[in-house]
1. Can you list residues whose amide H is under 5 Å from Leu47's amide H, if they're 5+ apart or on another chain and H is modeled 1.01 Å from N?
2. Tell me which residues come under 5 Å, amide H to amide H, from Thr8 once H is placed; ignore anything under 5 positions away on its chain.
3. If I fit a long axis through the Cα atoms of helix 140-156 and take the longest principal axis of the Cα atoms of the chain, what angle between them do I get, 0 to 90°, rounded to 10?
4. Under a 5 Å amide H to amide H cut-off, with H placed in plane at 1.01 Å, what residues pair with Lys42 once short-range neighbours are removed?
5. Which pairs in the list Lys68/Lys117; Lys22/Lys42; Lys89/Lys175 are over 19 Å apart, alpha-carbon to alpha-carbon?
6. What is the distance in Å between the Cα centroid of the stretch 1-56 and that of the stretch 88-115?
7. May I ask for the net charge around Glu29, where only other residues with Cβ less than 13 Å from the Cβ of Glu29 are counted and Lys, Arg are +1 while Asp, Glu are -1?
8. Add -39500 (n - 2.57) for each DSSP H run of 4 or more in the chain, then divide by its residues: what number comes out at 222 nm, to the nearest 500 deg cm²/dmol?
Amino acid sequence: MEELAVGTRVDHPRYGEGIISKNKITSYEIFFERGGKIEITKRNEDLEVLETPEEKPKNSLTLPEIEKVLRFVLEEQSALQEIVPLGEKWIGGNMILQPANLSLKPKEIPIESFFHKIVMLRDRLRVLEQNINSHAGLSDEEKVNMQQYITRIYGSLTTFNILFAEKDHYFVGAKS
């Protein structure tokens, strides 16, 4: 169903005729003659449009428009992270850090928690890489120099590749 504007006259089989008073993100607030003020989801197919206002109110976005804008912003900020699976043999496992001094207590960490931090580190390095490459104030030479440091960091992190279920997610350093 097309997005309905405030002021649209509608008919509902149960509540009768009404007028849309608020257009919310996922619902309409409608004043019905028989039912009073009722909130109805935008996906409700019982509404029949009787009359639309002359012009749509300005500064109103449809739900699909809001979703598109949110998706764009989240992708730009890398908040929509891809799902990176942990290797099957590590699921439910623990990492034990044993100090050399046996009188000290070892530290036990769930591998899933450690893996999550490794994936976050990788994602933040990628964002840093993107920011460097798109930075207007850096020369190409400066960008290349900084990129080389990031590549070396990736190389230092290849030890953790054993935790990943898929090789596509591995850290890769400088290729020879």
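1. Distant-sequence amide H within range of Leu47: zero hits.
2. The answer is Ile20.
3. 70 degrees
4. So Lys42 has HN proximity to Ser27, Tyr28.
5. Numbers: Lys68/Lys117 29 Å; Lys22/Lys42 12 Å; Lys89/Lys175 28 Å.
Result: Lys68/Lys117; Lys89/Lys175 exceed 19 Å.
6. Distance between centres, Cα-based: 58 Å.
7. Working: positive: Lys22, Lys24, Lys37, Lys42; negative: Glu39.
Overall, the nearby charge balance is +3.
8. Details: 3 runs with 55 residues, N = 176.
Calculated at 222 nm, the ellipticity per residue is -10500 deg cm²/dmol.
Values in this text are rule-based calculations from the coordinates and carry no lab data. Since the structure is predicted, the reported quantities are computational estimates derived from the model, not experimental observations. All Cβ positions, glycine included, derive from the backbone under ideal geometry; neighbour counts span all protein chains shown.
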